[in-house]
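As structure tokens, the structure follows; a few thoughts come after it.
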Amino acid sequence: MAATYQDYNEMEMMITAAARELEDNTIVGVGTGAPCAAAMLAQKTSAPNLVIMFEAGGIDPILPEMPITVGDSRTYFRATKAGSMADIMEAGARGMIDYTFLGGAQIDMYGNLNSTMVGSDHQHPKVRFPGSGGANDFASFCWRMMVITPQDKRRFVEKLDFLTTPGWLKGGDSREKSGLAPGAGPYRIITNMALMDFEPQSKRMRVISVNPGYTFRDVQDNCGFELLKAAEIRETKAPSELELKVLREEVDPYGFIIGR
Amino acid sequence: MAATYQDYNEMEMMITAAARELEDNTIVGVGTGAPCAAAMLAQKTSAPNLVIMFEAGGIDPILPEMPITVGDSRTYFRATKAGSMADIMEAGARGMIDYTFLGGAQIDMYGNLNSTMVGSDHQHPKVRFPGSGGANDFASFCWRMMVITPQDKRRFVEKLDFLTTPGWLKGGDSREKSGLAPGAGPYRIITNMALMDFEPQSKRMRVISVNPGYTFRDVQDNCGFELLKAAEIRETKAPSELELKVLREEVDPYGFIIGR
Amino acid sequence: MSLPIIAEGVGVLFANPDPDLARAFSRTKNRGQRNKVMSLKQASAEFVHDGDYLATGGFGSNRTPLAACHEIVRQKKKNMAFAGHTTTHDFQVLCAGKTFNRVDCAYIVGLEARGLSPNARRYMESGAVEVTEWTNYALAARLKAGAMGVSFVPVRSMMGTDTFKYSAARLIECPFTGKKVVLLPALYPDVCVIHVHEADMYGNCRFKGISVADIELAGASKRVIITCERLIANEEIRHDPSATQIPFYLVDAVCEVPFGGYPGNMPYEYFSDEEHLKEWITVEKDPALFTAFLEKNIYSCEDHFQYIEKNGGLHKLQALRAKEFLLKTGA
Amino acid sequence: MSLPIIAEGVGVLFANPDPDLARAFSRTKNRGQRNKVMSLKQASAEFVHDGDYLATGGFGSNRTPLAACHEIVRQKKKNMAFAGHTTTHDFQVLCAGKTFNRVDCAYIVGLEARGLSPNARRYMESGAVEVTEWTNYALAARLKAGAMGVSFVPVRSMMGTDTFKYSAARLIECPFTGKKVVLLPALYPDVCVIHVHEADMYGNCRFKGISVADIELAGASKRVIITCERLIANEEIRHDPSATQIPFYLVDAVCEVPFGGYPGNMPYEYFSDEEHLKEWITVEKDPALFTAFLEKNIYSCEDHFQYIEKNGGLHKLQALRAKEFLLKTGA
């Protein structure tokens, strides 16, 4: 409460970094939690005309508080439309959705995600997770897919137990060859340690900036595969006083996500 | 006006004969004109729970007067639903629509219809008609297709200039083999002279009853192809006093269709 | 294992069914909540181009953007392709301007219970217009495929008919059931015009009564022009988000055109002007008369209000409102 | 010329995608406007059968027919197949009853921001349930194909993933564009339950807020059970036909179940009971506790009102209403 705005935690850093990636006058498909907070922060700072969509049908709400599910009544509070899942996904298929944020239990160097299971036998999983939900669809349709996730070796793996949601698949031109719409794919991976993009030819994950207090070495040590390095690795700009103020006072005043 | 109910004209005979074919607790897809009058007459006499649908989206209206188009506001006046064309046609595709009434410039012995053109060159028609509209769809989807049409040689032809809308196609099992849903097809042809069905094996048009004042010979003389005869050809029951009263006073009080 | 293509229509495809072209176009659009209100004249000039594939909303003479059809004719747009999907009076107006030379036909030249348009028939019988045949549902389904962002959709009609033969559909065997099914190519119109009751400045729309295929049409079209009876505040839209049928991000222009569906029927507003629609059919029989009629009713008009004023003006509109509501008014 | 099938998922199809079977079933239905009002107990007994393919409307814990899920568990339905389409608390309840042994999975065992269901995970990790993988949109699209009366629908997701590999979809080359596209088999559930705000005695329904995939679900299912917050008069439906979302002819049973979406969120009525939903997760960690919890909250309850009364009753409902409307009430 009495903390100065110069203090910030890693979740605040990630949400702020994510918000800055969202250009104004675009549409973002989000879920609950950090992605939703990032979109709300962007709306209240750099992207006032950013439009939020939720996969269950909520279009362009004026969010009164953080939703608990992507289908609860907050997701279309004073919205311009309360539609259907098909409305959202088909807007995506038509090329109308610019960004989406996704997550998973595992991610590989091409940005592919696993949210289905741990184990090697599909009918007898060691651990069963929810499955794709709308993630595979959003990742297939939206132009730029992003992930906000903690940086650790259990999560950033050489090989997924199950490829639930497409990133760049096997890299190179494999995604486009699979039949997925050209021009769309993973764009940014945002962790507590770094910001990553994908090298344009190989489509391998590449560190483009490290967060204050971390080095490339830290990032690589917490990643189960070899990361590429951008020609110049910058330091991620820490959250500004304004960003923190809006995030803490307007976006997540009860600290559900930022934990304050 | 002063006519007794025993007098009736051929349009009244046709509408009455058509109305009697509609079982209660079923759904009929209709257009404007005689089919709509037949459905309204059935609702007010033998089939009070008959549901009327219009292809543009009107479902189960309480028709205040005869619609001018199948999409005007009368077609969903106090309806249970004002839907879409897809709502109607997909209800048909799902097997929900029992009957439909169609028409055309030409009809052949299998109940196929032409409402597209006269001539032999599609890009240079001698006479251009509207085309299928929703007729091909209704004929493909609804279980029992019926036609109300004047009996004459120009209309009942050996060979259509253009097969717009499927009847039994080439007869026999050709319709089912074409890929159209099994069990659906032409059911009754209602003219000013007779009532016809289709012989179950060959699927050729067959006279089952002749209207008062006509003989099988009259029907055949006004038909461009050979008609089959039912084992016993009955005389169509003339419109009853009640049927005429309802038709003239409630269904078409201004005589738009029955011409009184 | 493979799916045989059993038959193919010989008709020409007038619009490319590839969703990636539509996606590439979508990507260039500004998706912010911008003020899109402009005159119909400006919207037609900016978003309707010679050679475009055009489609109109509503059902022929019901909630149909007839003011927009007049404006397109007035601006002498040419060489367009047109979706003849449940078209009646809109088709008649566009034929009067010789606006198109390619038509996807499901229902054309006819005016339902009103008869046939003599001029539309002359135009369609002249050989000047290339025609591909479909059905009303087939065109609605092609638009649905477009709105879904795919390249085709299956239907179970059209089989065994000349309608199929002169279409650009394909007949295949379903890989799941082994049964025959028709594949219809997606339709992505370059531009469409839809007439609605209410829209806000961003293009959020709502209308009452049947939707025909307008939701699909708005979703499939690259550019969408909305004409509305009334502009309303965005707050009004946000007050009842369940009622919004067409969302703003699909829309390029919002034109407030009260009575924009005249002389057709606008549900819950005004009934069709049957007297004037009859006049259209009558004068079309005589090409010289028809030329004068078009000069009076389209070319010399500044806008749709002038057209209405020449045909009865406010008194006519009041009478048509009474007719829509089945009111018996004095005289 | 032929369309090659490039790849096929190895998953099992739990429902036949042939529209002719669905049509044959439709043909047997009485389509008159009949009074279909009955108790949820009666509707479940009559229309939900062991072994059926079941689907639920809404979105997991939002406008979800949770009273019906309880009743199905109470009636000990078994060996069902289930559409795990955006399912969360509904899946959790049905898992508690070991109701199904086959699941089309898009989103299961998860409870969104609330976490994961320990019992659902145990059940799904036990090997007792056969699973085929899909995505949320894929299941919505499969229902759309069902509602359209066709056997499949194309989509452009799932390619290149294990989600495709463990599905029952096919990858083909589009005959119009030459590009790859996924074909999804139509889904015709034997029975579905949808919770709405208002229905009349014939089954005409309307609801507010997002529709998720409920329009498609009602159109695709062979039998449809409606639970509604309130029965309304048919006159009310006919007063505004544009508002009707599910028409009567699709519906088999209408059950008035106020608070039938509790403990989930019913938009514009009551917010979710987060406290009680947290209790579900907590007690699921201990199988013995969970058995007692189910006995108390499902098996020993006569109906949904008893369940609500055991968990706060009218006071709880009033508080949830305030929460839905973001009202700050005293204390």
Task: Index of the failed condition, C:G160 passing every other in (1) part of a loop (DSSP other than H, G, I, E, B); (2) more than 7 Å from every other protein chain (Cβ to nearest Cβ); (3) not β-branched (V, I, T) - done: (2)
Open item on the list: Suppose we filter region C:130-157 for residues that are within 14 Å of chain A (Cβ to nearest Cβ), in contact with a Phe, Trp or Tyr (Cβ under 9 Å, 6 or more places away or on another chain) and in a loop (DSSP other than H, G, I, E, B); how many remain?
Closed with: 2
TODO: Among the residues of region C:1-44, write down those that are touching a helix residue (DSSP H, G or I) at 6+ places or on another chain (Cβ under 7 Å), modelled with pLDDT under 95 and among the basic types (K, R).
DONE: C:R31
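In region C:60-93, which residues are part of a helix (DSSP H, G or I) and farther than 18 Å from C:L217 by Cα? I'd like the intermediate steps shown before the answer.
We begin by selecting, within region C:60-93, every residue part of a helix (DSSP H, G or I); these are C:66-74, C:89-93.
Scanning region C:60-93 gives C:A67, C:H70, C:E71, C:I72, C:V73, C:R74, C:H89, C:Q92, C:V93.
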- [ ] Could you tell me which numbered condition B:T32 fails, if it satisfies all but one of (1) within 14 Å of the chain's Cα centre (by Cα); (2) β-branched (V, I, T); (3) farther than 25 Å from C:L277 by Cα; (4) assigned to a loop (DSSP other than H, G, I, E, B)?
- [x] (3)
- [ ] Look at region A:110-149 and say how many of its residues are among the polar types (S, T, N, Q) and under 12 Å from the mean Cα position of the chain (by Cα).
- [x] 1
Open item on the list: Could you check region B:121-130 and list, in sequence order, the residues that are buried (at least 24 other Cβ atoms within 10 Å of the Cβ) and outside any loop (DSSP other than H, G, I, E, B)?
Closed with: B:R128
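Restricting to region D:265-287, and then to whatever is part of a helix (DSSP H, G or I) and aliphatic (A, V, I, L, M), can you tell me which residue is nearest to the other protein chains (Cβ to nearest Cβ)?
Let us first name the residues in region D:265-287 that are part of a helix (DSSP H, G or I), namely D:274-284, D:287.
Remaining after also requiring aliphatic (A, V, I, L, M): D:277, D:281, D:283.
Working: D:L277: 9, D:I281: 13, D:V283: 20 Å.
Ranking the candidates gives D:L277 first.
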Task: Selection within region C:95-129 - at the interface with another protein chain (Cβ under 7 Å from one of its Cβ atoms) and either acidic (D, E) or closer than 19 Å to C:V12 by Cα (or both) - done: C:C105, C:A106, C:Y107, C:I108, C:E112, C:M124, C:E125, C:G127
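Go through region B:136-152 and report how many residues are out of contact with any Lys or Arg (no Cβ under 7 Å at 6 or more places or on another chain), of a type outside the set (S, T, N, Q) and outside any strand (DSSP E or B). Walk me through how you get there before you give the answer.
Of all residues in region B:136-152, those out of contact with any Lys or Arg (no Cβ under 7 Å at 6 or more places or on another chain) come to B:136-139, B:141-142, B:144-145, B:147-148, B:150-152.
Still in the list and also of a type outside the set (S, T, N, Q): B:137-139, B:141-142, B:144-145, B:147-148, B:150, B:152.
Next cut, outside any strand (DSSP E or B) only: B:137-139, B:141-142, B:150, B:152.
The number of residues fulfilling the criteria is 7.
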TODO: Residue by residue through region C:170-195, note down the ones that are more than 7 Å from every other protein chain (Cβ to nearest Cβ) and of a type in the set (V, I, T).
DONE: C:V182, C:V191, C:V193, C:I194
- [ ] Looking at (1) away from chain A (no Cβ under 14 Å); (2) surrounded by fewer than 15 Cβ atoms within 10 Å (Cβ to Cβ); (3) part of a strand (DSSP E or B), find the lone condition where D:N35 falls short.
- [x] (3)
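Take region D:227-264 and flag every residue that is within 14 Å of chain B (Cβ to nearest Cβ), among the β-branched types (V, I, T) and under 30 Å from D:A24 (Cβ atoms). Don't jump to the end; show me each part of the working.
Residues of region D:227-264 within 14 Å of chain B (Cβ to nearest Cβ): D:232-252, D:254.
Narrowing further to those that are among the β-branched types (V, I, T): D:232, D:237, D:244, D:246, D:251, D:254.
Matches in region D:227-264: D:I237, D:T244, D:I246, D:V251, D:V254.
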Task: Qualifying residue in region C:312-322 (condition: part of a helix (DSSP H, G or I), within 14 Å of chain B (Cβ to nearest Cβ) and not small (G, A, S)) - done: yes
Task: Residues being touching a Leu at 6+ places or on another chain (Cβ under 8 Å) and part of a helix (DSSP H, G or I) - total across region A:19-29 - done: 1
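Quick check on this structure: which one of A:G92, A:G133 is in contact (Cβ under 8 Å) with a residue 60 or more places away in the chain, within 14 Å of chain C (Cβ to nearest Cβ) and either crowded, with 24+ Cβ neighbours inside 10 Å or in a helix (DSSP H, G or I) (or both)? Before the answer, list the steps.
Working: A:G133 fails: within 14 Å of chain C (Cβ to nearest Cβ).
Step by step, each of A:G92, A:G133 is checked, and only A:G92 is in contact (Cβ under 8 Å) with a residue 60 or more places away in the chain, within 14 Å of chain C (Cβ to nearest Cβ) and either crowded, with 24+ Cβ neighbours inside 10 Å or in a helix (DSSP H, G or I) (or both).
Condition check ((1) within 7 Å of another protein chain (Cβ to nearest Cβ); (2) at pLDDT below 95; (3) more than 19 Å from the chain's Cα centre (by Cα)) across all residues:
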position: A:L41; (1), (2), (3): no, no, no
position: A:N49; (1), (2), (3): yes, no, yes
position: A:T80; (1), (2), (3): yes, no, yes
position: A:G103; (1), (2), (3): no, yes, no
position: A:D108; (1), (2), (3): no, no, no
Open item on the list: out of contact with any Gly (no Cβ under 6 Å at 6 or more places or on another chain) and within 15 Å of B:L113 (Cα to Cα): is that true of B:K177 in this structure?
Closed with: no
Task: Residue list for region C:1-18, filter: facing another protein chain (nearest Cβ under 7 Å) and surrounded by 17 or more Cβ atoms within 10 Å (Cβ to Cβ) - done: C:L3, C:P17, C:D18
- [ ] Output yes when any residue across region D:45-60 is touching a Phe, Trp or Tyr at 6+ places or on another chain (Cβ under 6 Å) and at pLDDT below 95, and no when none is.
- [x] no
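The values are calculated or read from the model by the stated rules, or taken from the named source; none is laboratory data. Remember, predicted model here, so these are calculated numbers, not experimental data. In this analysis, Cβ positions are derived from the backbone assuming ideal geometry, glycine residues included, and neighbour counts consider all displayed protein chains.
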